[in-house]
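The values are calculated or read from the model by the stated rules, or taken from the named source; none is laboratory data. Remember, predicted model here, so these are calculated numbers, not experimental data. Every residue, glycine as well, gets a Cβ built from its backbone with ideal geometry; the counts of neighbours run over all protein chains shown.
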Protein chains: 2
Amino acid sequence: MNNVEILIVDDEVQIRKMLFITLQSNAYKVSEASNAKDAIIRAANHPPELILLDLGLPDENGHIVLQKLREWYTKPIIILSAHSSEEDIVKALDNGANDYLVKPFRTGELLARIRSVLRSSKLEDESPLLKFGDLDLDLSSRIVRKKEEVVKLTSTEYALFSLLCKNDGKVLTHHYLLKQIWGPSYVNESQYLRVFIAQLRKKIEDDPNRPTHIITESGVGYRFL
Amino acid sequence: MNNVEILIVDDEVQIRKMLFITLQSNAYKVSEASNAKDAIIRAANHPPELILLDLGLPDENGHIVLQKLREWYTKPIIILSAHSSEEDIVKALDNGANDYLVKPFRTGELLARIRSVLRSSKLEDESPLLKFGDLDLDLSSRIVRKKEEVVKLTSTEYALFSLLCKNDGKVLTHHYLLKQIWGPSYVNESQYLRVFIAQLRKKIEDDPNRPTHIITESGVGYRFL
DNA sequence: CCAAATCTTTATAAAATCTTTACAACTTTA
DNA sequence: TAAAGTTGTAAAGATTTTATAAAGATTTGG
């Protein structure tokens, strides 16, 4: 489950069911509405990341529903419609729809279009943040924190630290670390590693003499916890 | 003329001509490329607001062209293709295309889809006033203030400053900054960056010798706070 | 066209980082 | 537990990277 919620708005039960299964099996969180009124209430109460909107609703014209939603809802809306007339398509897009798919559509294409609009609507919300006890590593902004305090690392120290973090729990061999950080021709320069591990421990361990994060596996390599 | 520039990439002269007329009569500024190489050069030299990309180019596979563009080009790309297979559509959308239209398409729909992607791409970078301590940046009027006083920046200085502001907190690499500000062929001219960073610091830092806003990440790049 | 502004290039100083050395401390193994 | 092998640490030296000023080249605006 990637925690992205999608609201399906369609009056036909079979289509809702089909969409529900498709989306859920692709790790989306799904909610449903079968008419315009319900759709607007649900969207308002618990705004989803994306709305799939059928234009042919029983209680209100789909274009009106779209306009009402767009008065305040800024996230993507994809139209699903049985009508393929240019007039409908242009009107929907100009009313703020992000995409328009004509029924029947191919599920692969629907999923790709969902990924596409979600991608471009994604501002900066998710920065992959790794947490290890009192240590945080933000990969996108390249920031390491210890107890909320930013720790200043040189580029080599950061490369080593992030590599250890990305493989937390695993033992990384000297050979592997040297190859990844310094390159294949440095695989025998174990002393580099010792110097940099010591520097890292000084910066991130409470007591560098009794490390709890960077563990030595004698004769093999290091492990990050 | 609304000053929005669109780059048409298609090898067929008739289609280019048709698109040119359609777009120009709808107040877009239009440039053209008839092959992959030319397209990439044009997009790099003078990045348009949107690219219409035909997948069937003579000199290179369209999907590859799309990938190459997406390495650095962040604005919308709409694919125009004679192929309607689900495989092509999904692949293009997952490679970063914002929309996919199958030829022959209706011009009204094309224009509506152009408006749609331009609209959502505009939403992203519109946060009128950015504030960072004693610094203000108004993106729409291009005005920078330090303690209410307007700071006069040259266009290159402004480009650099606003790029840093828009990514505050993150480390931006030399490579990235050079590519964004000066273009892909300047990625090794690190000295430019040093000169302009120094000029910016003179203008916006209280003490340029002890910068608090533009932070050097040695060996990597710069970070704005 | 000229003058001012801006950008590019060069030179050099300063700072930060990396590499190497020497030796101390720890682990493993017999 | 002693010897051998491995790892840790500090600090000096070497190298790389960055900062800055200023001169030359180019562009821009009047």
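Here are a few things to note about the model shown:
- Of everything in the stretch A:85-96 that is closer than 25 Å to B:SER85 by Cβ and within 7 Å of chain B (Cβ to nearest Cβ), the residue that is farthest from the chain's Cα centre (by Cα) is A:GLU86.
- Which numbered condition A:ARG119 fails, given (1) at pLDDT below 95; (2) outside the structural domain of A:ASN61 (by TED's automatic domain parsing): (2)
- Filter pass, A:LEU80 being of a type in the set (A, V, I, L, M) and either surrounded by fewer than 22 Cβ atoms within 10 Å (Cβ to Cβ) or in a loop (DSSP other than H, G, I, E, B) (or both): no
- Only residues that are within 7 Å of chain B (Cβ to nearest Cβ) and among the hydroxyl-bearing types (Ser, Thr, Tyr) were counted across the stretch A:97-120, and they come to 2.
- Scanning the stretch B:32-71 for residues that are assigned to a loop (DSSP other than H, G, I, E, B) and surrounded by 15 or more Cβ atoms within 10 Å (Cβ to Cβ) gives B:SER34, B:ASN35, B:PRO47, B:PRO48, B:GLU49, B:LEU55, B:LEU57.
- Residue in the stretch A:161-169 that is in contact (Cβ under 8 Å) with a residue 12 or more places away in the chain, assigned to a loop (DSSP other than H, G, I, E, B), in the same structural domain as A:SER25 (by TED's automatic domain parsing) and not polar (S, T, N, Q) present: no
Here is a yes/no grid of residues against (1) under 22 Å from A:ARG106 (Cα atoms); (2) in contact with a helix residue (DSSP H, G or I) (Cβ under 9 Å, 6 or more places away or on another chain):
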{"site": "A:ASN35", "(1), (2)": "no, no"}
{"site": "A:ALA43", "(1), (2)": "no, yes"}
{"site": "A:PRO48", "(1), (2)": "no, yes"}
{"site": "A:ILE77", "(1), (2)": "yes, yes"}
{"site": "A:GLU87", "(1), (2)": "no, yes"}
{"site": "A:LYS91", "(1), (2)": "no, yes"}
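- Here B:HIS174 meets each of (1) closer than 18 Å to B:ASN45 by Cβ; (2) at pLDDT 95 or above; (3) more than 13 Å from DNA strand C (Cβ to nearest atom) with one exception, condition (1).
- Selection from the stretch B:72-84 of residues that are under 16 Å from B:ARG42 (Cβ atoms) and more than 14 Å from every other protein chain (Cβ to nearest Cβ): B:TRP72
- Among the criteria (1) in contact with a Pro (Cβ under 8 Å, 6 or more places away or on another chain); (2) within 20 Å of A:SER120 (Cα to Cα), the one B:ASN35 does not fulfil is (2).
- All positions within the stretch B:128-160 that are crowded, with 17+ Cβ neighbours inside 10 Å, not in a strand (DSSP E or B) and not hydrophobic (A, V, I, L, M, F, W, C): B:GLU157, B:TYR158
- Restricting the stretch B:183-206 to residues that are within 9 Å of DNA strand D (Cβ to nearest atom) and of a type in the set (D, E, K, R) leaves a set whose member that is surrounded by the most Cβ atoms within 10 Å (Cβ to Cβ) is B:ARG201.
- Taken over the stretch B:207-222, the residue count meeting the criterion of being more than 8 Å from DNA strand D (Cβ to nearest atom), in a loop (DSSP other than H, G, I, E, B) and within 14 Å of another protein chain (Cβ to nearest Cβ) is 1.
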